[in-house]
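Structure first, then comments.
The values are calculated or read from the model by the stated rules, or taken from the named source; none is laboratory data. None of these values were measured; they are calculated from a predicted model. Cβ sites come from the backbone with ideal geometry, for glycine too, and all protein chains shown count toward neighbours. Note: areas computed on protein heavy atoms with side chains; ligands, DNA, RNA excluded. Shrake-Rupley method; radii C 1.70, N 1.55, O 1.52, S 1.80 Å.
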Amino acid sequence: MRRRIVWTTSWRAIRTARSWGGGPGGQALSVVASRYPILRRLPASRDGLSAVGAVVETPLGPINVFGVHLTRPWPYQYQWGQITQAMALDARRRAAPPHPVIAAGDFNSVSSARIGRQIKTDMGLLPAPGFPGTWPSALPAFAGIAIDQVYRSPDLALLSRRIGEPTGSDHYPVVTEFTRATP
């Protein structure tokens with residue numbers, strides 16, 4: 001169903017896949033899907049991070065959008081996996097044009113945990129509130145854990161965050177709306 005939603009509508013999309021080996025499925029897929037024009041894809045690196053970046057032309061002006069999928073935390077993956085991936089995301093953000101930033105995806109971490117604090121401190125990004133939960137989708141959202149995050153730069157203001165309808169994934173989608181922050 002996810003493919004049908006993204007690929008058969010008027011949305012534009014770019015994606016990437018990164019193999020981690022080891023866990024179920026062994027791959028992480030990151031996608032940026034936009035109803036607004038994607039001006040360009042941002043450069044990727046061989047840095048161990050499954051992420052795709054794009055500059056999207058929105059009514060608010062150009063925004064750097066990163067679709068992110070961090071590895072699962074220790075003990076399921078190596079201990080420093082998420083830490084080094086958050087560092088790689090920071091490096092990609094710094095290499096991007098000086099536009100507002102949205103970084104969204106499966107961070108495999110709540111925003112108040114180690115990785116969320118690292119993203120807030122090192123990157124200066126702010127999380128959307130994390131309730132209700134996004135995983136596992138087999139449970140009602142109020143009983144889940146919010147490991148799918150949407151972070152924004154301070155020049156954007158969050159208008160709303162909600163859980164979308166199930167898509168067949170083991171995660172609920174997160175739907176957010178933003179505007180420009182007032183100075």
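Based on Cα contacts under 8 Å between residues 6+ apart, the chain shows a relative contact order of 14 percent. I need the shape label for region 50-163. Rule: rounded when a/c is under 1.5, else prolate if a/b > b/c, else oblate, with a, b, c from the alpha carbon gyration tensor. Judged from the Cα gyration tensor, region 50-163 comes out oblate (a/c at least 1.5, b/c at or above a/b). As a rough guide to protection, the peptides 68-75, 165-172, 48-55 ranked by mean Cβ packing within 10 Å, highest first, stand as 48-55, 68-75, 165-172.
Just the protein heavy atoms count here, and of the accessible area of the chain at 1.4 Å, carbon and sulfur take up 57 percent. The calculated 222 nm mean residue ellipticity attributable to helices in the chain amounts to -4000 deg cm²/dmol, summing -39500 (n - 2.57) over DSSP H runs of n ≥ 4 and dividing by all residues. The packing ranking of peptides 99-110, 136-147, highest mean first, is 99-110, 136-147, where packing means the average number of other beta carbon atoms within 10 angstrom of each residue. Could you work out the relative contact order of region 98-177, using alpha carbon pairs under 8 angstrom and six or more residues apart, expressed as a whole percent? Once normalised by length, the contact order is 31 percent. You can think of it this way: the chain between residue 158 and residue 112 has 14.8 nm of extra reach, that is 0.36 nm per residue less the Cα-Cα gap. Sorting the segments 174-183, 149-158 by their residues' average number of neighbouring beta-carbon atoms within 10 angstrom, most packed first, yields 149-158, 174-183.
Residues whose amide H lies under 5 Å from that of residue 144, counting only those 5 or more places away or on a different chain, are 133; hydrogens are built 1.01 Å from N in the peptide plane. So what's the net charge close to residue 35: Lys and Arg +1, Asp and Glu -1, counting the other residues with Cβ under 14 Å from its Cβ? Net charge in that neighbourhood comes out at -1. Once the 1.4 Å probe is applied to the protein heavy atoms, the chain comes out at 55 Å² accessible per residue. Extending 7 Å from Cα along the Cβ direction at residue 39 and again at residue 143 yields two label points whose distance is 4.6 nm.
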